[in-house]
Amino acid sequence: MRIEKLHNLAINQSGFIFDPSTGYSYNANETAIDIVEQFIDGKSREEVIVYLMNNYDVTKDDAVSDVEYFVRVLENYNLVGRANVY
């Protein structure tokens, strides 16, 4: 997954995400913000899954499902690319 565009996003902890390259804004919950921030910090999908399991009391299956779903959302909004999968 190519994450270059994530580095340009303006994100606040209230769940507001702004993409200055397009002018689009998005609302996200706490978990989604954490996932984005983990990717920005260079974490792999597996590391993000472990992070969710450790911080949100979810099973591995739920964490995998949440991360994969949210990555598809980011792809649909063209905020990440599909190449260079971690």
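Rule-based calculations on the coordinates, nothing more; no lab input. If you're wondering where the values come from, they're calculated on a predicted model, not measured in any experiment. Backbone-built Cβ (ideal geometry, glycine too); neighbour counts: all protein chains shown.
Structure summary
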read-out: Subset of the stretch 52-70 (residues that are surrounded by fewer than 19 Cβ atoms within 10 Å (Cβ to Cβ) and more than 12 Å from the chain's Cα centre (by Cα)); value: MET53, ASN54, ASN55, TYR56, ASP57, VAL58, THR59, LYS60, ASP61, ASP62, VAL64, SER65
read-out: Test: residue in the stretch 75-84 that is of a type in the set (Gly, Ala, Ser), in contact (Cβ under 8 Å) with a residue 12 or more places away in the chain and surrounded by fewer than 17 Cβ atoms within 10 Å (Cβ to Cβ); value: yes
read-out: Test: residue in the stretch 51-60 that is touching a residue at least 40 places away in the same chain (Cβ under 8 Å) and not in a loop (DSSP other than H, G, I, E, B); value: no
read-out: Candidate set: the stretch 24-42, residues that are free of Cβ contacts under 8 Å to residues at least 40 places away in the same chain and outside any helix (DSSP H, G or I); chosen: the one surrounded by the most Cβ atoms within 10 Å (Cβ to Cβ); value: ALA28
read-out: Selection within the stretch 1-23 - among the aliphatic types (A, V, I, L, M) and surrounded by 12 or more Cβ atoms within 10 Å (Cβ to Cβ); value: MET1, ILE3, LEU6, LEU9, ILE11, ILE17
read-out: Residues of the stretch 1-23 satisfying the condition of being free of Cβ contacts under 8 Å to residues at least 60 places away in the same chain, over 17 Å from PHE70 (Cβ atoms) and out of contact with any helix residue (DSSP H, G or I) (no Cβ under 8 Å at 6 or more places or on another chain); value: ASN8, ALA10, ASN12, SER14, PHE18, THR22, GLY23
